[in-house]
């Protein structure tokens, strides 16, 4: 497997002189399998525009474009690049787009294709030259053929969001971003009038079980891309419940799960290159990470497993 980052930011594209090193595009990851020859794309943030241009330049001369896109969820920063993905305008292109449906009344085709309407964009979905198939996902395991499997896991985000575990032979690549640790949502203060001892105990148990499942999901993975948008101080002061994790939480989980390499991902749009460099010096030192190799994701960086 070969993984390349085309977009590593969260929330909104943030181009400019302070984000040139790590990049300002939102989430998009390219996953290549050399044997078999397969292309998988995870998320269609603004980074997918440049990926599309690279596919047209390098893959199209070899024949019609075939690709599978796995969307973690349908928040704007993860789908806004789709209308600018050049292959969808090329006859012969065949795409399978997988992902969770955000609301029961709107399937994936409605949510993604809904961007391609005159009120938002000059081209309608019905006018596209490509053949696009939309497939709604829940927690499940899929056989993608050629020995490739993908297992999905619901993450802790304000809308339905999936993590992906791709496996080929004995190699494992996971995406676990746009998530925060599960926590007890019931009142735990015995002095509060709404406190219920049984509910509080059940909430603790469910949160612990889900967090354990999350670690099992990425257990012994060769490479994990994990959400780490905040420091612990930022998270606890004002970001609780926003659906994003901390550097400390992500690294601790990776160490417990036996992850070999991990990229910290979904950088806050206000975080400058200089600030990420400082965070890298603190959190990516071997004295802190132990046996796991941990680094901050950067546009154009590649990892091979």
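Numbers below:
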read-out: Scope the range 248-266; condition under 17 Å from residue 155 (Cα atoms) and crowded, with 24+ Cβ neighbours inside 10 Å; matching residues; value: 250, 254, 264, 265, 266
read-out: Complete set of residues in the range 161-176 that are under 12 Å from residue 221 (Cβ atoms) and either in a loop (DSSP other than H, G, I, E, B) or without any contact (Cβ under 8 Å) to a residue 12 or more places away in the chain (or both); value: 170
read-out: Residues within the range 221-235 that are buried (at least 22 other Cβ atoms within 10 Å of the Cβ) and in contact with a helix residue (DSSP H, G or I) (Cβ under 9 Å, 6 or more places away or on another chain), tallied; value: 7
read-out: The range 52-63 residues that are at positive phi, paired with ones that are modelled with pLDDT of 95 or more (beta carbon under 9 Å, 6 or more apart); value: 63/92
read-out: Number of the exception - residue 137 against (1) crowded, with 17+ Cβ neighbours inside 10 Å; (2) more than 13 Å from residue 99 (Cβ to Cβ); value: (2)
read-out: Residue that is farthest from residue 5 (Cα to Cα) [pool: residues in the range 49-64 that are assigned to a helix (DSSP H, G or I) and in contact with a strand residue (DSSP E or B) (Cβ under 8 Å, 6 or more places away or on another chain)]; value: 55
read-out: Within the range 245-265, considering residues that are part of a loop (DSSP other than H, G, I, E, B) and at pLDDT 95 or above, the one nearest to residue 162 (Cα to Cα); value: 259
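Residues checked against (1) farther than 30 Å from residue 89 by Cβ; (2) touching a helix residue (DSSP H, G or I) at 6+ places or on another chain (Cβ under 7 Å); (3) without any contact (Cβ under 8 Å) to a residue 12 or more places away in the chain; (4) part of a strand (DSSP E or B):
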{"residue": "149", "(1), (2), (3), (4)": "yes, no, no, yes"}
{"residue": "159", "(1), (2), (3), (4)": "no, no, no, no"}
{"residue": "178", "(1), (2), (3), (4)": "no, no, no, no"}
{"residue": "187", "(1), (2), (3), (4)": "yes, yes, no, no"}
{"residue": "192", "(1), (2), (3), (4)": "yes, no, yes, no"}
{"residue": "206", "(1), (2), (3), (4)": "yes, no, no, no"}
{"residue": "211", "(1), (2), (3), (4)": "yes, no, no, no"}
{"residue": "216", "(1), (2), (3), (4)": "yes, no, no, no"}
{"residue": "219", "(1), (2), (3), (4)": "yes, yes, no, no"}
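The values are calculated or read from the model by the stated rules, or taken from the named source; none is laboratory data. All values reported here derive from a predicted model rather than from experimental measurement. No Cβ is skipped: glycine too gets one built from the backbone with ideal geometry, and neighbour counts run over all protein chains shown.
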